[in-house]
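This report refers to the structure that appears directly beneath it.
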Amino acid sequence: MSELLAKFLNFVESTHLQEQVAEVDYVGLFSNPWFLVPFICAVLYLLYKQSFKDLILIVAFLGVWWVSGTQYMDTLVVGNELQISKILPVLFGGAALVGFVIYLFFGRSD
């Protein structure tokens, strides 16, 4: 099992996935018609099908992506030291989001 995990981590490091995600130009992405048109079509289709769970997941994903790029997230680690007073709101917010998603999928019935 650890060999499989090591191979996966080596693959992620070789693709430089973390750097690619960190360097995404979201302004350029959401102004690019090759991304925007299919994205809007997918959202409109989900609205037509009334698939609100999927829409909420898309909004949550975009919200987490936006929050991860804020100045607040840049100040979580200062001088190789984790700022506990700043990380606790992030942890509680993440736990609340995970709890909401679990409630959305398992706590409610359509």
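The values are calculated or read from the model by the stated rules, or taken from the named source; none is laboratory data. Treat the numbers as computed from the prediction; the structure is a model and nothing was measured. Here the Cβ positions follow ideal geometry from the backbone for every residue, glycine too, while neighbour counts run over all protein chains shown. For accessibility, only protein heavy atoms count, side chains too; no ligands or nucleic acids. Shrake-Rupley method; radii C 1.70, N 1.55, O 1.52, S 1.80 Å.
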Could you list, in sequence order, the residues of the stretch 56-107 that are open to solvent by less than 50 Å² (accessible area, probe 1.4 Å) and more than 14 Å from the chain's Cα centre (by Cα)?
-> 75, 76, 87, 99, 104
Mind listing whichever residues of the stretch 22-54 are of a type in the set (A, V, I, L, M) and either open to solvent by less than 80 Å² (accessible area, probe 1.4 Å) or under 25 Å from residue 104 (Cβ atoms) (or both)?
-> 24, 29, 36, 40, 42, 43, 44, 46, 47
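Among 19, 13, which is the only one that is open to solvent by 100 Å² or more (accessible area, probe 1.4 Å) and closer than 25 Å to residue 70 by Cα?
13
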Mind checking which residues of the stretch 1-10 are part of a loop (DSSP other than H, G, I, E, B) and either modelled with pLDDT of 80 or more or under 18 Å from residue 66 (Cβ atoms) (or both)?
-> none
Filter the stretch 67-94 down to residues that are modelled with pLDDT of 85 or more and within 19 Å of residue 29 (Cβ to Cβ), then give me how many there are.
-> 1
